[in-house]
Amino acid sequence: MRISILGGTGPEGRGLAVRLAMAGNAVCLGSRDESRAIDVAIDLSSSVGIHVIGLDNASAAKDGDVIFVTVPYQAQSDLLSSIKDDLEGKIIVNVIAPMEFVKGVGARALDVKAGSAAEECREIACNSKIVSAFQNVSAEDLENPDLVLDEDVIICSDDSDAKKIVMELVESIDNLRPVDGGALSNSKYVEQITPLLVNINRIYKIHAGIKIVGI
Ligand SMILES: NC(=O)c1ccc[n+]([C@@H]2O[C@H](COP(=O)([O-])OP(=O)(O)OC[C@H]3O[C@@H](n4cnc5c(N)ncnc54)[C@H](OP(=O)(O)O)[C@@H]3O)[C@@H](O)[C@H]2O)c1
């Protein structure tokens, strides 16, 4: 599988690159600045012992079969609108958890007019297959190749074939379990768990994840 990660130079993109490359996929990091993507790809490849390449976001979108989006929520609309044609027909995995930090309160979910970041992604990239996943998995844990993961990844989509492919990708990563989260409209509940986890992380000084019991 050829995987591209838009905004792949940030912590979450780098972490996903590590785990997806370790699982045997060809991974490309995208950036607004191709040279930054190349530098981060070289650093990651040498420190972890994987092979990852770097390109600008548009070229990365052209290159991949499955395109992960790991930019801040505020950047999603402009980025996807600018490369919409390169994303046509492809699977987009939206990892965005829209949130803000409020003094004295901590992390708080942002209201999204479309319902969720993933549904907003579908409004923009309307000819792509949108899947929502990985919002609750810590970047730090993903990026540490020696850390044994032990958590669930909830996957929401209205495209059953695309959902199946992303569930298989999750399954290919050691000790991550894919959980079918139903329709894309359920993504808002998954996205809103992330600010709760961020607040729990601060209290317990951990990188919290989630596990569904009873399956
Ligand atoms: N961090 C976590 O633990 C975590 C966990 C779960 C989900 N997430 C979600 O994953 C996404 C990425 O998180 P992150 O912590 O990696 O974020 P980040 O470091 O703030 O941003 C990731 C990358 O996005 C690009 N970017 C930043 N501003 C941009 C803009 N205005 N337009 C286009 N690209 C821009 C940057 O890449 P270039 O400068 O190279 O273009 C940056 O390296 C977020 O939506 C977050 O909600 C994060």
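None of the figures in this text is laboratory data; all of them are computed from the coordinates on show. Computed from a predicted structure; not experimentally measured. Virtual Cβ from ideal backbone geometry, glycine too; neighbours counted across all protein chains shown.
What FRET efficiency, computed as 1/(1 + (r/R0)^6) with R0 = 25 Å and r the Cβ-Cβ distance, is obtained for D150 and D85, rounded to the nearest 0.05? Calculated transfer efficiency: 0.05. Residues in segment 44-64 near a label at A75, defined as backbone nitrogen under 16 Å from the 7 Å Cα→Cβ point? Under 16 Å, as judged by backbone N against the label point of A75, lie 54-61 of segment 44-64.
Quote to one decimal, in nm, the extra length available between S35 and N175 on full extension: 0.36 nm per residue of separation minus the C-alpha distance between them. List each step's numbers first, then the result.
Values: separation 140, 0.36 × 140 = 50.40 nm, distance 3.32 nm.
Extending this stretch completely gives an extra 47.1 nm.
For the chain, the share of alpha carbon pairs falling in successive 10 Å distance bins from zero is 9, 37, 39, 14, 1 percent.
This ranking places V105, V40, V190, V27 by how few other beta-carbon atoms lie within 10 Å of each, fewest first, which gives V105, V40, V190, V27.
Please give the charge dipole size of the chain, origin at the Cα centre, charges +1 on K and R Cβ atoms and -1 on D and E Cβ atoms. Round to the nearest 20 debye. Walk me through the numbers before you get to the answer.
Working: 20 positive and 32 negative charges, 90 e Å.
The calculation lands at about 440 debye.
Distances between every pair of Cα atoms in segment 73-184, grouped in 10 Å steps from 0 to the bin holding the largest one, split as 13, 40, 35, 11, 0 percent. Between I212 and E123, the contour length at 0.36 nm per residue exceeds the alpha carbon distance by 29.1 nm.
When DSSP beta bridges are restricted to pairs lying wholly in segment 2-204, around 20% turn out antiparallel. Ordering of 44-52, 206-214 by packing is 44-52, 206-214, highest average first (other Cβ atoms within 10 Å, averaged per residue). Extension gain for S185 to M22 (0.36 nm times residue separation, less C-alpha to C-alpha distance): 55.6 nm.
Jot down the per residue volume, in cubic angstrom and as a whole number, of the convex hull over the alpha-carbon atoms of segment 41-82. Please report the intermediate quantities before stating the final value.
Numbers: hull volume 3.9 nm³, N = 42.
Enclosed volume per residue, from the Cα hull, is 93 Å³.
Straight Cα distances below 25 angstrom link K129 to the lysines K62, K84, K90, K113, K163, K164, K188, with same-chain residues fewer than 8 positions distant left out. Working from Cα pairs under 8 Å separated by at least six residues, relative contact order for the chain is 19 percent.
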